[in-house]
Every structure is written in C-alpha cells, then in structure tokens.
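Worksheet for the structure shown next.
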Amino acid sequence: QVQLVESGGGLVQAGGSLRLSCTASGRTFSNYKMGWFRQAPGKEREFVAAINWSGASTSYAGSVKGRFTISRDNAKNTVYLQMNSLKPDDTAVYYCAATYGAVTMSAGVVDYWGQGTQVTFSS
C-alpha cells in the first residue's frame, strides 16, 4: 500500500501561483510513476501532469503546459506541482496519483490516489 497526502491548495487570484505537494508513505516511492489529476465541479477527473521515477521525463496536459511544472524529490518521498499564471479554469480539486509499471499516466492505470486538495480561483 502507498498512502498519498496532498497539501498546498487554497485561494488564488488571477496570475497567481501555488505549489502543491504530495508526500508518500508505504512502499518505495521511487518505484512509482507519479502524477497529478484534477476534477472541477460537474466534470470528469482529468490528467494534469506526470513524472517518471527519476524525474527525467515529464508530460503535461495541453491546458497547463508552460504554466505548470511537476517535479519530485525521491529523498523526501514527495512530488510537487508548481502552478503559475493561474486562471479561473484551473479551479478544481487536485489529486496526487501513483502508478507502478504503466508507461503512460491515465486515470485508468492509477494504483493509488490521494484525498485531494482544493484550488479555488478568487476574483
């Protein structure tokens, strides 16, 4: 089992930034490909970003590319999502995810989910 705990969500204004963190416990963190998903009210959960075990390979949804950066620190069992230039459409609950062995991150291959952290755009 892997337990994932997110933190760092909150209120943000136009153009603002937030950094989400997800700390893992349980099995060996570096064995897992990690990712972030988000779910806005009334919408399906969608992929945001993913990072491979070493941090050398990352991928992003088109809607966040160039604004969000995913990174990880295996010594701290933590994955991060730096979010810049935030927009109202970024309002959602953000979920940390871990998958073992999958080449491509998608909701269908996630082995473990965090409980989510809320990011809300404030006008």
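The values are calculated or read from the model by the stated rules, or taken from the named source; none is laboratory data. Quick caveat: nothing in here was measured; it's all calculated off a predicted structure. Backbone-built Cβ (ideal geometry, glycine too); neighbour counts: all protein chains shown. In case anyone asks, the SASA skips ligands and DNA or RNA and just uses the protein heavy atoms, side chains included. Shrake-Rupley method; radii C 1.70, N 1.55, O 1.52, S 1.80 Å.
Would you work out if segment 76-123 is rounded, prolate or oblate? Take a ≥ b ≥ c from the square roots of the eigenvalues of the alpha-carbon gyration tensor; rounded if a/c is under 1.5, else prolate when a/b is larger than b/c, oblate otherwise.
prolate
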Give me the net charge for the shell around T99: Cβ to Cβ below 12 angstrom, other residues only, Lys and Arg +1, Asp and Glu -1.
0
Going 7 Å from the Cα of A14 in the Cα-to-Cβ direction, what parts of segment 79-123 have a backbone nitrogen less than 16 Å from that spot?
85-91, 121-123
Charge tally in the Cβ shell below 11 Å around Q1, where Lys, Arg are +1 and Asp, Glu are -1, Q1 excluded
0
Provide the per-residue ³J(HN,Hα) series for segment 103-117, in order, calculated from phi with Karplus coefficients 6.51, -1.76, 1.60 and θ = phi - 60°, each as a whole number of Hz, with x at glycine and proline positions.
6, 10, 7, 8, 4, x, 10, 6, 8, 9, 10, x, 7, x, 9
Once phi for every residue in segment 2-12 is put through the Karplus expression 6.51 cos²θ - 1.76 cosθ + 1.60 (θ = phi - 60°), the whole-Hz ³J(HN,Hα) values, with Gly and Pro written as x, are 10, 9, 10, 10, 8, 7, x, x, x, 8, 9
Net dipole in debye of the chain [+1 Lys, Arg Cβ; -1 Asp, Glu Cβ; about Cα centre; nearest 20]
160
Would you kindly state the longest site-free stretch of the chain, with sites defined as trypsin sites (Lys or Arg not before Pro) in a DSSP loop (not H, G, I, E, B) surrounded by at most 16 other Cβ atoms within 10 Å?
77-123
Just to confirm, what accessible area per residue do you get for segment 1-119 at 1.4 Å probe, in whole Å²?
50
Rounded to a whole number, what % of the accessible area of the chain do carbon and sulfur atoms account for, probe 1.4 Å?
47
Over the Cα atoms of the chain, each weighted equally, I'd like the Debye log10 I(q)/I(0) at q = 0.12, 0.15, 0.17, 0.19 Å⁻¹, rounded to two decimals.
-0.38, -0.59, -0.77, -0.96
So, in segment 1-119, how many Lys pairs have Cα atoms under 20 Å apart, if the pair is 8 or more places apart or on different chains?
4
Cβ-based net charge around Y80, under 13 Å, with every Lys or Arg adding one and every Asp or Glu removing one:
+1
